[in-house]
């Protein structure tokens, strides 16, 4: 599902060039759940951004679901993410002026699905929010907002789900409930899961744990 071949990313700064990724080699099988751990600034999130086509590497090859992302232009990358990747962020990234139902329907509408709202309603029911479809993000708790984000991420039935510290802004019990939903949807859909977490116990629930340090994979 994912192949990273000597992926490097160097960014310029006032102090000179900064090497974010220093030669990442990684393979993730279809249907596999992989946890990614490492200290702050180690390159975890940047690697996820590269896998999702949200950041282009300075060099190296990125293959996701059989697609060479280096050969896609920005429009192609946007379509690729729309059709095949679901992303859950720490900060939810919901549109505040849209209801829960509308937030989940967005990627489906972009994909041209005529049943966008029906599928969005089903997705919200699957994460226990059937009674909250007309509520706006500001009317929902943090856990409910993250469940909306999770429903949005899986609405298109993506090949790959990427979650970046999805429980970072939640209390322990709420975070645990969200993760039960995430792993349950992973099992139900057979979707590949890439999970970034500072929580070792959470990462260890995955099939495999990858450790990143100083822009390199220290353990895979």
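The values are calculated or read from the model by the stated rules, or taken from the named source; none is laboratory data. As the structure is a prediction and not an experimental result, all values here were calculated from the model. Note: ideal-geometry Cβ built from the backbone for every residue, glycine included; neighbour counts use all protein chains shown.
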All helices (runs of 4 or more DSSP H) inside the range 84-180 with 2 or more residues being surrounded by fewer than 16 Cβ atoms within 10 Å (Cβ to Cβ) and modelled with pLDDT of 90 or more: 116-126
Verdict on residue 194 being part of a loop (DSSP other than H, G, I, E, B), in contact (Cβ under 8 Å) with a residue 24 or more places away in the chain and in contact with a helix residue (DSSP H, G or I) (Cβ under 9 Å, 6 or more places away or on another chain): no
Residue in the range 212-219 that is in contact (Cβ under 8 Å) with a residue 24 or more places away in the chain and assigned to a loop (DSSP other than H, G, I, E, B) present: yes
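Which residues, counting only those in the range 30-57, are part of a loop (DSSP other than H, G, I, E, B) and more than 14 Å from residue 207 (Cβ to Cβ)?
Across the range 30-57, the qualifying residues are 38, 39, 40, 41, 42, 43, 52, 53, 54, 55, 56, 57.
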Residues that are part of a loop (DSSP other than H, G, I, E, B) and either in contact with a helix residue (DSSP H, G or I) (Cβ under 7 Å, 6 or more places away or on another chain) or surrounded by 14 or more Cβ atoms within 10 Å (Cβ to Cβ) (or both), drawn from the range 59-72: 65, 72
Lone unmet requirement of (1) at pLDDT 95 or above; (2) in a loop (DSSP other than H, G, I, E, B); (3) within 22 Å of residue 212 (Cα to Cα) for residue 25: (2)
Of all residues in the range 182-198 being out of contact with any strand residue (DSSP E or B) (no Cβ under 6 Å at 6 or more places or on another chain) and under 13 Å from residue 86 (Cβ atoms), the one that is surrounded by the fewest Cβ atoms within 10 Å (Cβ to Cβ): 189
Options 49, 1: the member that is free of Cβ contacts under 8 Å to residues at least 12 places away in the same chain and either touching a strand residue (DSSP E or B) at 6+ places or on another chain (Cβ under 6 Å) or surrounded by 13 or more Cβ atoms within 10 Å (Cβ to Cβ) (or both): 49
